[in-house]
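For reference, the structure discussed in these notes is given below.
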Amino acid sequence: MAQVSSIADDQSSKSITLRIARYNPEKDSERQFMEFTVPYEKWTTVLEAILDVKKHFDHSVAVRYSCRQATCGSCGMIINGKPRLACFTKISELDSNIVTVEPMNNFPIIRDLAVKFERLFDTHHKIKPYLDRDDTELESDAKEFLQSPEELEQYIQFANCIKCGLCNSACPTMATDSSFVGPQALAQAYRYVADSRDKGKDSRLKIIDDSHGIWRCHFAGSCSQVCPKGVDPAMGIQLLRGYMLGFRS
Amino acid sequence: MTQDEHKEGFKGMANPSRYGIERVAYWLMRLSGLGLLAYFIGHIYETSNILRGRVGWNEFLELTQTTEGHIVLAIVIAMCVFHTVNGIRVMLGHGGVGVGKPARPDYPYDPASQNYRHKIGIYSAIILAAIAMMYGLAVMFGE
Amino acid sequence: MRESTIMKIHYGTALAAVALVAVHILMRMTMNFADSLEYETVLANYKFIPYAIMLELILVLLSIHGFNGLRVILLELKQGRMYEKAVSYGCLAAMFGLIAYGSRTIIMTNMGMV
């Protein structure tokens, strides 16, 4: 285990030990943790601490990030044992002198904290994440699809998904089932099924009515607890299943 | 850890400590289901001893009507009550009952599906299971 | 069979079994626990046709529910075409085996072949 200390520029700021999981599947046989002492302020996020390490100690730490404001969904990782967005998690909120960052579970590791998203994007694509109807706006006399505020309320919460993958990382079924569609895709299936403009309900329900589809969700709710955007995938999945069980029409 | 897929694996699935009482209920539901299936198979075998006549039945009864046997039966009662009560909660949830209504989320984004109705359902299942187990122990050891 | 059909059966068998098992347990509680396990009492239960039919129903319902539950857990633990087929057919075979074994006890006892 490597250990590096920083010289805090500002004597008034506090510091924490940042433990970063290091693993390169092409070279390493197992994961190792490197420890860095990093200064932080009340507003410092875990992502900023990792970037501080990259800037001052070890630029080879692999991490994916972009917007730094919980919009792009790139910086999901396990922070102190739970899936969170690094840019949306303040160190001061963690209430710990040691912050451990690891790559998200249930995603293949590219290197260190960066993981592959292929499976998430594949399952997302599988449930047809678009309005599915025969008539389109390409018709010459077509108008926009009108929708009431009440109809919008039915799905707008689920349209907040940023595809960060935290829900898939927390899901107990995803932990062992390589073929499970996953909470992210299932919540998005509900988003489109509940959209009054969409006509693809039957085909979507058929896609997820599989031995590794919606029935492998057991309503443990871990996905909803870690969602950084308030999407509540567990709710979407149960409402979607309500259609299949005849509770909803 | 499977490095290729980096799945959390059985330990991650079975670990009930990180995501609140709902994950504990998920874990207990599985455990009680497997326990009840094992008991059910044993019970079918146990009752088949009636075909061996009075002697065979009494012989097998002597094996099960022990302190250990009573404790196992009390645990089975608890598993049965928990699995039933929590099962009804989960079934209703699966139908979309009591999981809240979709709405624009507000920070800090408390998930509506993890609401007090379901938490009360889980705690009720645990408490009822404990009471049923106590009652079972009182009946079995009270004689 | 579609997964939704299987799971509807799973829920249906659960609800029906809860009602019947409750009757089964309540019947045990109509008398002293030790007395309810006496050879003559148990034999009389098996020979009472409505009760024997109820036991048969409980056997079928719980076997379907229990082994489908096991199938679900096993399918989630490991994946692969051969493994999944083995799990599905294995659970089905175990279910039929248990129903046959339990039915043998009920039918033979009911018919006085003890």
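The values are calculated or read from the model by the stated rules, or taken from the named source; none is laboratory data. All figures in this text were calculated on a predicted structure; none of them were measured in a lab. Heads up, the Cβs are rebuilt from the backbone with ideal geometry, glycines too, and the neighbour counts pull from every protein chain shown.
In table form, for the structure just shown:
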read-out: Elements of type strands (runs of 3 or more DSSP E) contained in the range A:18-128, each with 2 or more residues being among the charged types (D, E, K, R) and in contact (Cβ under 8 Å) with a residue 12 or more places away in the chain; value: A:82-85
read-out: Any hit, the range C:55-72, residues being farther than 26 Å from B:H83 by Cβ and surrounded by fewer than 20 Cβ atoms within 10 Å (Cβ to Cβ); value: no
read-out: Some residue of the range A:165-178 being without any contact (Cβ under 8 Å) to a residue 12 or more places away in the chain, within 9 Å of chain B (Cβ to nearest Cβ), over 20 Å from B:K101 (Cβ atoms) and polar (S, T, N, Q); value: yes
read-out: Within the range B:116-137, considering residues that are free of Cβ contacts under 8 Å to residues at least 12 places away in the same chain and over 19 Å from B:V72 (Cα atoms), the one surrounded by the most Cβ atoms within 10 Å (Cβ to Cβ); value: B:I120
read-out: Residue match in the range A:193-207 (condition: without any contact (Cβ under 8 Å) to a residue 40 or more places away in the chain and either over 18 Å from A:L239 (Cβ atoms) or surrounded by 14 or more Cβ atoms within 10 Å (Cβ to Cβ) (or both)); value: yes
read-out: Residues satisfying the stated conditions in the range A:144-164, i.e. more than 8 Å from chain B (Cβ to nearest Cβ) and in contact with a Lys or Arg (Cβ under 7 Å, 6 or more places away or on another chain); value: A:F145, A:Q147, A:A159, A:C161, A:I162
read-out: Lone qualifier among B:G42, B:G20, B:G35 - being facing another protein chain (nearest Cβ under 7 Å) and of a type in the set (G, A, S); value: B:G20
read-out: Hits in the range B:121-143 - residues which are out of contact with any helix residue (DSSP H, G or I) (no Cβ under 9 Å at 6 or more places or on another chain) and among the β-branched types (V, I, T); value: B:I127
read-out: The range C:38-72, subset in a helix (DSSP H, G or I) and of a type in the set (D, E), residue modelled with the highest pLDDT; value: C:E56
read-out: Matching residues, the range B:81-123, being within 9 Å of another protein chain (Cβ to nearest Cβ) and aromatic (F, W, Y); value: B:Y107, B:Y109
read-out: Count of the range A:213-235 residues which are part of a loop (DSSP other than H, G, I, E, B) and under 14 Å from the mean Cα position of the chain (by Cα); value: 6
read-out: B:W27 touching a helix residue (DSSP H, G or I) at 6+ places or on another chain (Cβ under 8 Å) and more than 7 Å from every other protein chain (Cβ to nearest Cβ); value: yes
read-out: Exclusive hit being under 14 Å from the mean Cα position of the chain (by Cα), hydroxyl-bearing (S, T, Y), surrounded by 17 or more Cβ atoms within 10 Å (Cβ to Cβ) and under 21 Å from A:C223 (Cβ atoms), set A:T71, A:T89; value: A:T89
